[in-house]
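Reading through the structure tokens given below for one structure.
The values are calculated or read from the model by the stated rules, or taken from the named source; none is laboratory data. In this text the structure is predicted, and so the values were computed from the model without any measurement. Cβ: placed from backbone, ideal geometry, glycine included. Neighbour counts: every protein chain shown.
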Amino acid sequence: MAETDQPEVWARRILSSAEPMLAAIARPTVTIDPPMDADVQALEEGFVRVRELLAVPTPDMNHDLLNLIGAIRGYAEMLFEEMSKLHPVMKETLPALLAAVGSNQITLEMPQVTEGPLPRREAPGVILAVDDMPENRELISRLLSRVGHTVISAESGEEALELLETRGVDVVLLDLMMPGIGGAEVLRRMKENEDLRATPVVMISGRQDMDQIIACIQAGADDYLLKPFNPVLLQARISAGIERKRWHDREEDYRHQLERNERFIRRTFGRYLSDDIVDQLLEAPEGLELGGDLREVTIMMSDICGFTSLAEHLPPTDVVSLLNRYFEHMTDIIFEHEGTIDEFLGDAILAVFGAPRRRDNDPERAVRCALAMRDAMDTVNAANEAAGLPVLSQRIALNTGTVIAGNIGSEQRAKYGCVGHAMNVTSRIEGQTDTDEILIAAATRDHLPDGIFILGEPRELLAKGIEDAIVTYPVLGLAP
Amino acid sequence: MTQPVQTILLVEDNEANRNMLVRRLERAGHQVTTAADGETALQIMRKQQPSVVLMDMNLPIMDGWTACREARLDGLIRNIPIIALTAHAMEEDKQRALEAGCAEYATKPVDFPDLLAKIAAQLDASC
């Protein structure tokens, strides 16, 4: 029993048993919350006094030592009583101290404590130890497993590279001198590999290989250790390595998050927007929130004349191939003119120019787009004829006005779109557009630069639900 | 049954040990006053009438043995139970403490749950 020792011998044993705990609580990352911090501090002061007494003995030393040991034991027991509130490193290191001070509490409640365990690091990691000497691998494994790390080992550079391919490793401990692929070569190959480049490498070598160690550091090794290892230094290097790896992993996660967002945007908008508009959106993703804003756009609505009755007389597969060919061509043309497809409605296409990005020549681009779509019908119909399918004709209406443009819908199913009176007006115009005709509202015509398009005579339309007559102009073509 | 506030007088010259015991006793719900020598201890006992005294026997100015004997001769404080604290786990010390008039005896470093039990027994007996 401890009490039978000379107080001086006993005190020295207590000091050495307390070392792991004192080292642990001295780390800045370990904070002890009030109200226990006062007890931890008192405990530390007790150790300081014991050290002082042992260094400068007094006539009353034994008496004083016993009192100090009593105080240390008291504080240690108090902390033990509040074990659940303690920092993990305290939990880990306190039992050894309690055992050394001869606390009854500890011998009753925690009889399994035999030797003082070293403080566990807050972040245990996976360490790959690469060394051709089995006793070195064993030593590293023992030292690092004791503090909670998972150690895997390789006896050659070849094996190490294989393991690195399949296992997630936080830090590599790499012996410089090995038969076959040496440490320097393993390091070089790791740095060439995109996936392994960021994994911290600590080189291990003898003192005589200092030149090569320096070369390895220059080649990207993070640190080095000289043989024979100093266990404390080994653990410090490992901890630093793990910290670096964690930091890098967090950065990587962040980057992936950004990429996921980008993929989301492309998926959500890719069908409706031309690529460069998606790119512009990606630069300002805050614009992707639900809701919309008022903006002036030029609206295009097109459909295939008489498609419904046409479809009734065709097998469904023919209807689908007819539509797909038509939409494919038209979509390309609309994107070429930087329009945004709002919706495909049966055989109709609803597109806007000016949302999500507004440009000064939105109306002009819309009219050019309509003309290109009309011209493209020749190509579409040639393909239809070749496939034994009927010839199609389309009509296109354009209108310019203010709409609410934005992400409309629910969080789960949002869609970029426009709503507003101007949309309805466009639909009415389109309903009264003739076959193969492009009809534009006066609002659109007013925004066109002079001398580019040849327009026909104005036509007044009366539409259901709209009081005033809508003035429209047919677009005949581009001015020569 | 309402009880007057029960105070423990702790007489201990070693500061670290004294602070620690005060903290532990207070955490256990006791009210504690302290003295660092036998003479001061006797003065406090006369003035404050603590319910129990925990007395280290090895004290400056007046040691615990002497303080205990004096307390037993003083009618004012004769009935205050004293628990002797000594560093020597020997039967003769225990005998010596009881002869000096101590009601109980505990060795240092104290087994705290045991000490609390002894304090509780003395408080019960004196009520």
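Of all the residues that make up segment A:407-439, how many are at positive phi and modelled with pLDDT under 80?
Qualifying residue count, segment A:407-439: 1.
Just a yes or no: is a residue in segment B:31-47 without any contact (Cβ under 8 Å) to a residue 40 or more places away in the chain, over 25 Å from A:L66 (Cα atoms) and part of a strand (DSSP E or B)?
Among the residues of segment B:31-47, at least one is without any contact (Cβ under 8 Å) to a residue 40 or more places away in the chain, over 25 Å from A:L66 (Cα atoms) and part of a strand (DSSP E or B), which makes the answer yes.
Report, by residue number, each residue of segment A:52-96 that is away from chain B (no Cβ under 14 Å) and surrounded by 16 or more Cβ atoms within 10 Å (Cβ to Cβ).
A:L86, A:H87, A:V89, A:M90, A:E92, A:T93, A:L94, A:P95, A:A96 - these are the residues of segment A:52-96 that are away from chain B (no Cβ under 14 Å) and surrounded by 16 or more Cβ atoms within 10 Å (Cβ to Cβ).
Quick one: would you say A:L163 is on the phi < 0 side of the Ramachandran plot and buried (at least 18 other Cβ atoms within 10 Å of the Cβ)?
Judged against the criteria, A:L163 is not a match.
Output the number of the condition that B:D13 fails; it satisfies all remaining conditions of (1) in contact (Cβ under 8 Å) with a residue 24 or more places away in the chain; (2) within 14 Å of another protein chain (Cβ to nearest Cβ); (3) in contact with a helix residue (DSSP H, G or I) (Cβ under 8 Å, 6 or more places away or on another chain).
Here B:D13 clears every test but (3).
Condition check: at pLDDT 90 or above and in the same structural domain as A:I242 (by TED's automatic domain parsing). Does A:A184 satisfy that?
In short, yes.
Residues checked against (1) charged (D, E, K, R); (2) closer than 14 Å to A:D175 by Cβ; (3) assigned to a loop (DSSP other than H, G, I, E, B); (4) modelled with pLDDT under 85:
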residue	(1), (2), (3), (4)
A:I106	no, no, no, yes
A:G116	no, no, yes, yes
A:A123	no, no, yes, yes
A:L144	no, no, no, no
A:I152	no, no, no, no
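If the requirement is being in a loop (DSSP other than H, G, I, E, B), at negative phi, away from every other protein chain (no Cβ under 14 Å) and hydrophobic (A, V, I, L, M, F, W, C), which of these qualifies: B:L76, B:L98?
Checking each option against the conditions leaves just B:L76.
Got a number for residues in segment B:49-65 being part of a helix (DSSP H, G or I) and at pLDDT 90 or above?
0
Which condition breaks for B:S51 when tested against (1) within 14 Å of chain A (Cβ to nearest Cβ); (2) hydroxyl-bearing (S, T, Y); (3) in contact with a Pro (Cβ under 9 Å, 6 or more places away or on another chain)?
All conditions pass for B:S51, except number (1).
Mind counting the residues in segment A:215-245 that are part of a helix (DSSP H, G or I) and exposed (fewer than 13 other Cβ atoms within 10 Å of the Cβ)?
So the count comes out to 3.
Given (1) closer than 21 Å to A:I242 by Cα; (2) over 32 Å from the mean Cα position of the chain (by Cα), identify the lone condition not met by A:A198.
(2)
What number of residues within segment A:342-360 satisfy the criterion of being without any contact (Cβ under 8 Å) to a residue 40 or more places away in the chain and crowded, with 16+ Cβ neighbours inside 10 Å?
1
Consider segment A:175-220. How many of its residues are β-branched (V, I, T), within 16 Å of A:M133 (Cβ to Cβ) and out of contact with any helix residue (DSSP H, G or I) (no Cβ under 9 Å at 6 or more places or on another chain)?
0
Just checking, which of A:L225, A:L233 is touching a strand residue (DSSP E or B) at 6+ places or on another chain (Cβ under 7 Å) and either more than 18 Å from A:M190 (Cβ to Cβ) or outside the structural domain of A:M133 (by TED's automatic domain parsing) (or both)?
Answer to the selection: A:L233.
Just a yes or no: is a residue in segment B:108-126 closer than 13 Å to B:T7 by Cα, modelled with pLDDT under 85 and polar (S, T, N, Q)?
So far as segment B:108-126 goes, yes, one or more of its residues are closer than 13 Å to B:T7 by Cα, modelled with pLDDT under 85 and polar (S, T, N, Q).
Out of everything in segment B:79-95 that is touching a residue at least 24 places away in the same chain (Cβ under 8 Å) and within 14 Å of chain A (Cβ to nearest Cβ), what residue ends up being surrounded by the most Cβ atoms within 10 Å (Cβ to Cβ)?
Of everything passing the filter in segment B:79-95, B:L85 is surrounded by the most Cβ atoms within 10 Å (Cβ to Cβ).
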